[in-house]
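Structure first, commentary second.
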């Protein structure tokens, strides 16, 4: 059975680093140690038979989150497991009063999950003040979690 859950640092650290390394996630974003995990990081994993097959990370700033990455192991891609992982971490965020998720960059997968491209000028002022040092000219995508969960799931029909 595949389980989506919040990270257990003591148990999962080496397994997560392995999947990040196998998928070329930059070392600066990799989880090097228990101490390198920011208290504002939300990290969820997908586990199948005691094996980590996916990992997703969001960093929280006040009442919004920045989507850092999602990785599904090669042998499980195409099974729509990423959608379940995204829904699990987004559900956790929404239950903890985080209603907006931001993504920097251009990623087809993110757009398919319901993120919408917006300009920096359309961001609320409180978000801009937190992001000033992060604004790099990359594309900016935003996801309203209440709207995200009001739509149907994009799961494959069985």
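Points worth noting:
- Among the residues making up the range 94-105, those that are over 14 Å from residue 142 (Cα atoms) and either in a loop (DSSP other than H, G, I, E, B) or in contact with a strand residue (DSSP E or B) (Cβ under 6 Å, 6 or more places away or on another chain) (or both) are 96, 97.
- Output for the range 64-76, where each listed residue is without any contact (Cβ under 8 Å) to a residue 40 or more places away in the chain and outside any strand (DSSP E or B): 75, 76
- Residue selected from the range 114-126 under the condition surrounded by 18 or more Cβ atoms within 10 Å (Cβ to Cβ) and either in contact with a strand residue (DSSP E or B) (Cβ under 7 Å, 6 or more places away or on another chain) or farther than 19 Å from residue 59 by Cα (or both), by the criterion modelled with the highest pLDDT: 115
- The range 130-158 - residue that is at pLDDT below 85 and under 22 Å from residue 40 (Cα atoms) and, of those, surrounded by the most Cβ atoms within 10 Å (Cβ to Cβ): 131
- Selection from the range 107-127 of residues that are part of a helix (DSSP H, G or I) and over 20 Å from the mean Cα position of the chain (by Cα): 120, 121, 122, 125, 126
- Test: residue in the range 59-67 that is closer than 21 Å to residue 1 by Cβ, buried (at least 19 other Cβ atoms within 10 Å of the Cβ) and modelled with pLDDT of 90 or more: no
- Filtering the range 37-54 to residues that are surrounded by fewer than 18 Cβ atoms within 10 Å (Cβ to Cβ) and part of a strand (DSSP E or B) leaves 41, 48, 51.
- Residue within the range 77-85 that is within 28 Å of residue 17 (Cβ to Cβ), surrounded by 15 or more Cβ atoms within 10 Å (Cβ to Cβ), more than 12 Å from the chain's Cα centre (by Cα) and in contact (Cβ under 8 Å) with a residue 12 or more places away in the chain present: yes
- In the condition set (1) modelled with pLDDT under 85; (2) in contact with a helix residue (DSSP H, G or I) (Cβ under 6 Å, 6 or more places away or on another chain), residue 35 is compliant with all but (2).
The values are calculated or read from the model by the stated rules, or taken from the named source; none is laboratory data. Since the model is a prediction, treat every value here as computed from it, not as a measurement. Neighbour counts are summed over all protein chains in view; Cβ atoms, including those assigned to glycine, are modelled from backbone coordinates with ideal geometry.
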